[in-house]
Each structure stands twice: as structure tokens, then as C-alpha cells.
1. Restricting attention to region 105-138, report how many residues are more than 30 Å from A60 (Cα to Cα) and over 26 Å from the mean Cα position of the chain (by Cα).
2. With L187, L155 as the choices, which residue is out of contact with any Lys or Arg (no Cβ under 7 Å at 6 or more places or on another chain), open to solvent by 30 Å² or more (accessible area, probe 1.4 Å) and in contact (Cβ under 8 Å) with a residue 24 or more places away in the chain?
3. Please list, ordered by first then second residue, the pairs with beta carbon atoms under 7 Å, 6 or more apart or interchain, first in region 62-74 and surrounded by fewer than 12 Cβ atoms within 10 Å (Cβ to Cβ), second among the basic types (K, R).
4. Answer yes or no as to whether L179 is open to solvent by less than 30 Å² (accessible area, probe 1.4 Å) and either at pLDDT 80 or above or touching a helix residue (DSSP H, G or I) at 6+ places or on another chain (Cβ under 8 Å) (or both).
5. Where in region 1-113 are there helices (runs of 4 or more DSSP H), lying fully within it, with 3 or more residues that are modelled with pLDDT of 70 or more?
6. Quick one: which residue in T262, T200, T235, T205 is in a helix (DSSP H, G or I), without any contact (Cβ under 8 Å) to a residue 24 or more places away in the chain, among the β-branched types (V, I, T) and open to solvent by less than 80 Å² (accessible area, probe 1.4 Å)?
7. I'd like the full set of residues that are in a loop (DSSP other than H, G, I, E, B) and open to solvent by 40 Å² or more (accessible area, probe 1.4 Å), limited to region 265-283.
Amino acid sequence: MWTTLRTTIKAKHTYDKEAAAEVDAERQSLLHAGSKSLNRNNPFLEVVSFPRQLQDIMVAESKVNWTSIGVLCISWIVIAVFSILKGGEGGAGIVPCGTFFYWCLVLAPLPIVVGTVWHIGNVLSAQYELKLKYGFEFADGDLQWTKRNTRVYPLYCISAGFCAGALGIAAGTILGPVLLELGMLPLSGTVSSGFMVIFTASSTTFQFLVMGQLQIDYAVFFCSVGLVGGAIGNTIVTYFVKKYNKTWFVVAILSAVLAVSTVLMGYAGYERLQSSEAHGKSLGLRPLCPMVLHPNLGGSSKPVTNRQVQAVAQAAIKKSPLISPKVGAK
């Protein structure tokens with residue numbers, strides 16, 4: 001709710017800012033309507049020249065930073081490899097689940113990612129200091145990569161990723177308002193969060209796939225719906241931005257989506273709670289590792305997933321005339 005409120009306020013501020021800028025542009029056009037011919041023949045106009053270092057910075061800013069994209073891809077691959085090695089309900093890992101070496105595999109990507117983030121933060125901070133040294137003029141909405149910001153901003157992204165993985169919500173829903181709060185322009189924030197979601201969503205999806213928690217047919221269906229909806233939404237928003245030269249409604253749409261998502265998430269959670277209680281399903285934490293039946297008890301050494309155990313238990317409860325769902329839940 002707080003994020004929705006802050007995004008709504010940001011939409012109002014963006015609207016007021018763009019309206020004031022439009023009025024100011026009209027006033028300036030009236031004041032300087034007759035000054036074009038004078039400026040054209042003015043011998044005192046100077047040709048502005050920039051230092052070579054500043055020109056190099058401007059050229060670098062105008063190009064795609066493939067190095068940063070490569071670092072993101074490598075980080076994704078590292079996390080994916082360690083996810084495969086530790087395994088899950090979807091497949092056995094190289095070490096037994098719950099052992100010391102298992103937790104080493106779980107925590108192994110952490111120092112790699114933290115070290116990468118720390119190094120990239122130092123690079124961005126050094127570039128920021130270089131820009132200040134040569135008088136680089138920051139555009140409206142540019143992030144100021146000071147030493148403090150290079151340490152604080154990653155914490156925001158970690159929080160967004162944690163919420164996305166734990167609650168099953170889109171990371172862009174959280175990153176969008178965060179980038180707006182940091183001062184980024186609406187369109188730049190939307191594009192940036194959309195680009196980052198490619199990595200966060202694919203990483204989370206792969207994690208659930210390895211853990212055996214991903215239902216493929218559902219994933220394909222909703223992915224297709226999301227792609228079509230995203231394409232339609234992007235086309236409509238681009239059309240209105242070009243037609244009216246306004247961006248405040250982008251923030252307003254984001255605020256509305258956050259409000260609707262908050263209500264629907266609470267409703268879905270309530271319905272899921274009622275359904276679980278009605279069918280006697282456990283609402284507690286499930287075991288982290290798959291259970292293995294002992295051979296002497298008629299089982300095999302192959303792990304049995306928690307989902308399989310729950311399915312068998314529910315089937316037994318339904319078939320037994322002496323056990324009701326309420327009794328089975330106890």
C-alpha cells in the first residue's frame with residue numbers, strides 16, 4: 001500500500017512538472033520568436049568546444065554498454081550452474097540434500113555476486129567522479145553514482161529480487177517505483193525495470209524448474225499471455241507518449257497496477273487459505289529436502305518429492321470412510 005501511495009504521489013508530481021514545463025516552453029517561444037534572425041547573423045556567437053576527455057565520456061554514454069550486459073549474463077549462468085549442481089525436487093544434485101556440502105553449493109554464488117556488485121559499484125563511482133572533474137552535464141533523470149549510492153541502490157534491488165522470488169510477484173512491480181523514487185524519468189525507469197526483469201524472471205523461473213515447482217503447461221500459457229499483453233501495452237503507451245508528449249500517465253498506470261495487484265494478492269491469499277483448510281492441507285513449512293523411503297519398508301532409494309507425498313496422503317484420506325479431511329488435517 002505504501003508503494004502504491006508513493007507512486008501515485010509521483011504521478012501527480014510528474015503531471016505538475018510536465019504542465020509547468022509546457023507553459024514555460026510556450027512563454028519562451030513567444031519571447032524569442034523574433035530572435036532567430038539576429039542570432040543567425042551575430043558575429044559574437046562562439047563555437048563551444050569540449051575537452052577531449054569529456055568528448056570520450058559523451059561518446060561512451062551514447063553507446064550500449066555491452067560489458068555490463070556481459071557481466072549480467074555471466075552472473076545468470078553462475079547462479080544457474082550452482083542451481084543444477086545442488087538439485088531439488090526436479091532432479092538429484094551432486095551431493096545429498098541438507099548436508100554441509102549442499103549448503104556450500106547454496107551459498108557459493110553469494111560471494112561471487114557480492115564481489116561483482118562491489119566491483120561494478122567502484123567502476124561506476126570512478127566514472128561519476130571523472131564526469132564531475134571534466135564538467136559533464138547530467139541529463140534530467142540521470143542517476144548519481146556516488147560512493148553511497150553504489151552501496152545503497154543494490155540493497156533495493158536485492159529486496160526486490162527477494163520479494164519476487166518469495167512472493168511470486170513481478171520484480172518490475174517493485175523496481176519500477178524504486179527507480180522513480182531514485183529520480184529516474186518514467187520512460188527510462190520503465191525500460192530499465194523491464195530490461196532487469198528479463199534476468200530476474202528467467203532466473204526465478206529456472207530456480208523453480210530445478211526445484212520441481214514449475215508446471216510447464218501453465219508457465220507456457222501465462223508466458224504467452226504476458227508476451228501478448230506486454231506487446232499491446234507497449235504499443236499503446238508509445239502511441240500516447242508520442243501523440244501528447246506526456247509521460248505522467250505512465251506513472252499513473254503503474255500506480256493503478258500496484259493498487260489492483262495489492263487487492264488481488266490479498267484476495268488470492270485468503271482464498272488459498274480457505275481452500276487449504278477445507279481440504280486439510282498443511283499450512284506450515286514443508287521439508288526442504290525430498291524424503292527417501294527405506295528399502296525395508298517397501299520403498300526405494302529414489303527420493304520421493306513432497307508433492308508426491310501430499311498427493312498420496314490426500315488420496316488415502318478421500319478413500320478411507322473412517323478419516324475425514326478435518327481429522328486428517330490434525
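The values are calculated or read from the model by the stated rules, or taken from the named source; none is laboratory data. Computed from a prediction, not measured in an experiment: that's the story for all the values here. Note that each Cβ is placed from the backbone with ideal geometry, even for glycine, and that neighbours are counted across all protein chains shown. The area values use the complete protein model at the heavy-atom level, side chains included, leaving out ligands, DNA and RNA. Shrake-Rupley method; radii C 1.70, N 1.55, O 1.52, S 1.80 Å.
1. Within region 105-138, residues that are more than 30 Å from A60 (Cα to Cα) and over 26 Å from the mean Cα position of the chain (by Cα) number 0.
2. On the way: L155 fails: in contact (Cβ under 8 Å) with a residue 24 or more places away in the chain.
None of the others qualify; the one that does is L187.
3. Short answer, once both residue conditions are applied: none.
4. The answer is yes for L179.
5. Values: elements: 2-31, 36-40, 52-61, 66-86, 100-107.
Fully inside region 1-113 and qualifying: 2-31, 52-61, 66-86, 100-107.
6. Values: T262 fails: without any contact (Cβ under 8 Å) to a residue 24 or more places away in the chain; T200 fails: without any contact (Cβ under 8 Å) to a residue 24 or more places away in the chain; T235 fails: open to solvent by less than 80 Å² (accessible area, probe 1.4 Å).
Only one candidate passes the filter, namely T205.
7. Residues of region 265-283 that are in a loop (DSSP other than H, G, I, E, B), as a first pass: 279-283.
H279, K281, S282, L283 - these are the residues of region 265-283 that are in a loop (DSSP other than H, G, I, E, B) and open to solvent by 40 Å² or more (accessible area, probe 1.4 Å).
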